[in-house]
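Chemist: Can you read through this structure? Questions will come right after.
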Amino acid sequence: MSERTLAIIKPDAVKKNTIGDIIARYDKAGLRPVAIRMMKLSKSTAEGFYAVHKARPFFDSLSTFMSSGPVVVLVLQGDNAIKKNRELMGATDPAKAEAGTIRKAHGANIEFNAVHGSDSSETAKFEIGYFFPEMDLVG
Ligand code: CMP
């Protein structure tokens, strides 16, 4: 079933010039970008995006990191896009990520982990709407 997911290439990965490599991995996996936006998040925008993690001890540090430099926000479309993108990313902690995954290749630790991907269809709906009005999705 074709579906959409939200991906973010995080500030650590942008700084390391890995945007092209990461987008090539989406391409090869059949995840077609239907919207792409490069932006620098304010801290409050990052906090709103990660509101579900508000009570976690890492919330402040995560929001500070996510607003520390430019990110690339994408909507990816394809069969089982949510699950496929999570497989492509690998485990949240790059040390536990499988060989061949984006986080294994480009993540440094559980916070600086190169990419974000929606974890369910409900989350995807919220996250896509957080950054893109429906009319900006070209798919
Ligand atoms: P992400 O997939 O963007 O979703 C939430 C983020 O919180 C996660 O990737 C990590 O970057 C971060 N995160 C999750 N767990 C921890 C943790 N224990 N310590 C620091 N950051 C974390």
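Values quoted throughout were computed directly from the atomic coordinates according to the rules given, and no laboratory measurement underlies them. Every value quoted in this text rests on a predicted model; they were computed, and no experiment measured them. With ideal geometry, Cβ positions are generated from the backbone for all residues, glycine too; neighbour counts draw on all protein chains shown.
Chemist: Run the count for the chain, please: Lys pairs, Cα-Cα under 18 angstrom, 8 or more apart or on different chains.
Modeler: Close lysine pairs under the 18 Å cut-off: 18.
Chemist: Can you tell me what the convex hull of the Cα atoms of the range 1-101 projects to on average, as an area in nm²? Walk me through the numbers on the way to the answer.
Modeler: On the way: hull surface 26.9 nm².
In nm², the orientation-averaged hull projection of the range 1-101 is 6.7.
Chemist: Would you mind counting up the charge near residue 100? Only other residues with Cβ under 13 Å from its Cβ, with Lys and Arg at +1 and Asp and Glu at -1.
Modeler: Here the charged neighbours net out to +1.
Chemist: Lys/Arg Cβ at +1, Asp/Glu Cβ at -1, dipole of the range 42-139 taken about the Cα centre: which of 81, 68, 135 is farthest positive-ward?
Modeler: Of the candidates, 68 comes out farthest on the positive side.
Chemist: Just to confirm a number: summing +1 for Lys and Arg and -1 for Asp and Glu over residues other than residue 40 whose beta-carbon lies under 15 angstrom from that of residue 40, what do you get? Display every interim value, and only then the final one.
Modeler: Values: positive: 10, 15, 37, 43; negative: 12, 47.
Net of charged neighbours comes to +2.
Chemist: Something else about it: Scan the chain and hand back the longest stretch that contains none of the trypsin sites (Lys or Arg not before Pro) lying in DSSP loops with at most 16 other Cβ atoms within 10 Å.
Modeler: Excluding the exposed sites themselves, the longest stretch runs over 55-139.
Chemist: OK, next. What percent does the relative contact order of the chain come to when contacts are Cα pairs within less than 8 Å and at least six residues apart?
Modeler: Across the chain, relative contact order equals 37 percent.
Chemist: When the label point is put 7 Å from the Cα of residue 24 along its Cα-to-beta-carbon vector, which residues of the range 88-106 have a backbone N closer than 19 Å?
Modeler: Inside the label zone: 88-90, 99-106.
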